[in-house]
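Following: one structure in structure tokens, then a few remarks.
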Amino acid sequence: MNEIREYAVKCLKDEANALLDLIPQLDENFDRAVELMLHCTGKVVITGVGKSGHIAAKIAATLSSTGTPAFYMNTLDAFHGDLGMVADGDVVLMISYSGQTDELLRLLPYMEHRRLPIISISGNADSLLAKHSTCHILAAVEREACPLNLAPTSSTTAALAIGDALACALIEMRHFKANDFAQFHPGGSLGRRLLTTASDVMRTDDLPIIPPTMLLGDAIIHASAGKLGLCVIVDDKGNINGIITDGDIRRAMQNIQSKFFETKVCEVMTRNPKCIAPDMKIAKIQQMMHKNKIHAVLVVGSDKKLLGIVDSFSCEV
């Protein structure tokens, strides 16, 4: 390993150890903080100065996207009108590693006058911020990952991790589900997978449907023309008998050899293929495909008749 990479490894190890050291620091104050945010009737107002401000903004974004309304308030702007955004019913979360940041301390009298619960995250349990907080979450680190032990590195990572821990606890307490998450992320690929259904993406035209009596030699042509790597075997009453894939055909060719062109598809097809309802979400379909190691599923109606086919490419919405 070269020297430059060793610097990176040391930094990552130092920050990883700092995070593990947070575990024994967790106490009833963390529980109380979660309860305050869970029962908050307004929003969680998060603020910090400098690097802690950047951490505060990220925590606010994470909370908002996981069911806990929150916003970041720039501490400097707060003294020039942004305090108007703070309302009764809000909970305030302040972040300062020293717990002695002047700009935050100047906000305390206003928050106390409004009787708003104050949660603080710092590395100093004896700080003024900690003493004036409704609950204080200790996030002390032994040293910064910075070689000079000056630049906020391990300490900001610790604060960020505590914020994530609060968000994760709230997700569990709120019974927040994947579909709830999708409601707040409709523009992303995750949101689309969680909201899009089979009926939105299934292929319905020129489906590779063949009768059970078709010979394998002819099935090859239909499977190739269908461009899905499979054929659906449907009888004359419209009932699905099974499915045959490119893999099934290749294995049949190896196993029965000279009798291949005389064999009917019903003799080698996979019976009881995976079928889904048209309202099944794409995310769940992907899980099903992965679990069963398949690349396509059949979409059927309440009468079990074929409506369409969803393959792995269709799921890449």
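The values are calculated or read from the model by the stated rules, or taken from the named source; none is laboratory data. The model shown is predicted, which means the values in this text are computed figures rather than measured ones. Cβ atoms come from the backbone with ideal geometry, glycine included; neighbour counts cover every protein chain shown. Please note that ligands, DNA and RNA were not included when accessible areas were found on the heavy atoms of the full protein model with its side chains. Shrake-Rupley method; radii C 1.70, N 1.55, O 1.52, S 1.80 Å.
Provide the per residue accessible area, probe 1.4 Å, for segment 99-166, rounded to a whole number of square angstrom.
About 46 Å² of surface per residue is accessible.
Taking 8 Å as the Cα distance limit and 6 or more residues as the minimum spacing, I'd like the relative contact order of the chain as a percentage.
About 14 percent, as a whole number.
What percentages, rounded to whole numbers, describe P(r) for segment 95-181 computed over all alpha carbon pairs with 10 Å bin width beginning at zero?
16, 38, 30, 15, 1
Stretched out fully, how many nm does the piece from D31 to H113 gain, at 0.36 nm a residue minus the Cα gap?
Computed gain between D31 and H113 is 27.1 nm.
Once the convex hull of the alpha carbons of segment 1-145 is built, what does its volume come to per residue, in cubic angstrom?
124
If r is the Cβ-Cβ distance from E172 to C266 and R0 is 51 Å, what FRET efficiency results, to the nearest 0.05?
Rounded to the nearest 0.05, the efficiency is 0.55.
So, in nm, how far is label N2 from label S312 when the simple model puts each one 7 Å beyond its Cα toward the Cβ?
Calculated label separation equals 3.6 nm.
For the chain, with all protein chains present and a 1.4 Å probe, just round the carbon and sulfur fraction of the accessible area to a whole percent.
Ligands and nucleic acids excluded, carbon and sulfur give 54 percent.
Given a cut-off of 28 Å, name the pairs among K13/K177; K131/K177; K264/K305; K10/K291; K13/K131 whose C-alpha atoms lie farther apart than that in the structure shown.
Pairs exceeding 28 Å: K13/K177; K131/K177; K10/K291; K13/K131.
Can you give me the convex hull volume of the Cα atoms of segment 57-135, divided per residue and expressed in Å³?
Cα convex hull per residue, to the nearest whole number: 94 Å³.
Per residue, how much accessible area does segment 208-298 show when a 1.4 Å probe rolls over the protein heavy atoms, in square angstrom?
Per residue, segment 208-298 has an accessible area of 58 Å².
Cα to Cα, under 15 Å, and not fewer than 8 places away if on the same chain: which aspartates and glutamates meet these conditions relative to K237?
Here the aspartates and glutamates satisfying the reach criterion relative to K237 are D303.
Can you list the aspartates and glutamates whose alpha carbon is less than 14 Å from that of K227, not counting same-chain residues fewer than 8 positions off?
D205, D206, D246, D311
Once you put a point 7 Å from the Cα of H290 and another 7 Å from the Cα of E142, both along the Cβ direction, what distance in nm separates them?
3.7
Could you compute Rg(Cα) / (2.2 N^0.38 Å) for segment 6-73, with N its residue count?
1.37
Which order do the peptides 30-38, 95-103 come out in when sorted by mean C-beta neighbours inside 10 angstrom, highest first?
Going from most to least packed, we get 95-103, 30-38.
Hey, what number do you get for the chain at 222 nm if only DSSP H runs of n ≥ 4 count, each worth -39500 (n - 2.57), divided across all residues, to the nearest 500?
Computed mean residue ellipticity for the chain: -12500 deg cm²/dmol.
State, to one decimal in nm, how far the label point of D218 lies from the label point of K305, with both points 7 Å from Cα in the Cβ direction.
With each label placed 7 Å out from Cα toward Cβ, I get 2.3 nm.
Do any chymotrypsin sites (Phe, Trp or Tyr not before Pro) in segment 253-317 lie in a DSSP loop with no more than 13 other beta carbon atoms within 10 Å, and if so, which?
Within segment 253-317, the qualifying chymotrypsin sites (Phe, Trp or Tyr not before Pro) (loop, at most 13 other Cβ atoms within 10 Å) are F313.
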